[in-house]
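A.B. asks: Pasting in a structure now, in structure tokens, and then I'll have a few things to ask.
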Amino acid sequence: MQHISFTFELVDEEQDEIINSVRNLVDFWEQSGFYASLYSDKSRQSRFMLSFLTEKSIDELTAMIQREPLIRGLFDKIKESGSRMIISIMDQII
């Protein structure tokens, strides 16, 4: 199992749109084998983490981001917000 996360910052005005976009894509990701969750940082409310648990590879997730217009649109919105995105890929050991 892998844990893939994308950490980024959003200004208040952009948060609702991104949260709703993620909410609308959860079922699609799950059908594709990516179990998604979105977290907000309690100490820094502008910081978010989009997290995936999956048996699939980061390459499969990247391909999905590139080929699916709704998913690509979500990541484009995050990118357009000017936020630096930190990507983390962890393999489950135990």
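No value in this document is a laboratory result; all are computed from the given coordinates. Fair warning: this is a prediction, and the values are worked out from it, not measured in the lab. Don't worry about glycine lacking a Cβ; one is built from the backbone with ideal geometry, like all the others, and counts go over all protein chains shown.
A.B. asks: Which of the trypsin sites (Lys or Arg not before Pro) across the stretch 7-87 are loop residues per DSSP, with 13 or fewer other Cβ within 10 Å? Could the numbers behind the result be given before it?
C.D. replies: Values: sites: Arg23, Lys42, Arg44, Arg47, Lys56, Arg67, Arg72, Lys77, Lys79, Arg84; in loops: Lys42, Arg44, Lys56, Arg84.
Passing sites in the stretch 7-87 are Lys42, Arg44, Arg84.
A.B. asks: Separate question: Membrane-span-like helices in the chain: DSSP H runs reaching 20 Å or more (Cα, own axis), mean Kyte hydropathy at least -1.0?
C.D. replies: Numbers: long enough: 12-31 (30 Å, -1.04).
For the chain, where a helix must reach 20 Å along its axis and average at least -1.0, there are no hits.
A.B. asks: If r is the Cβ-Cβ distance from Lys79 to Leu53 and R0 is 30 Å, what FRET efficiency results, to the nearest 0.05? Before the final figure, lay out the partial values.
C.D. replies: Values: r = 24 Å, r/R0 = 0.79.
After rounding to 0.05, the efficiency reads 0.80.
A.B. asks: Can you give the extra length, in nm with one decimal, that the chain gains between Ile19 and Met90 once fully stretched, where that is 0.36 nm per residue apart less the Cα-Cα distance? Working shown, then result.
C.D. replies: Working: separation 71, 0.36 × 71 = 25.56 nm, distance 2.37 nm.
My answer for the length gained is 23.2 nm.
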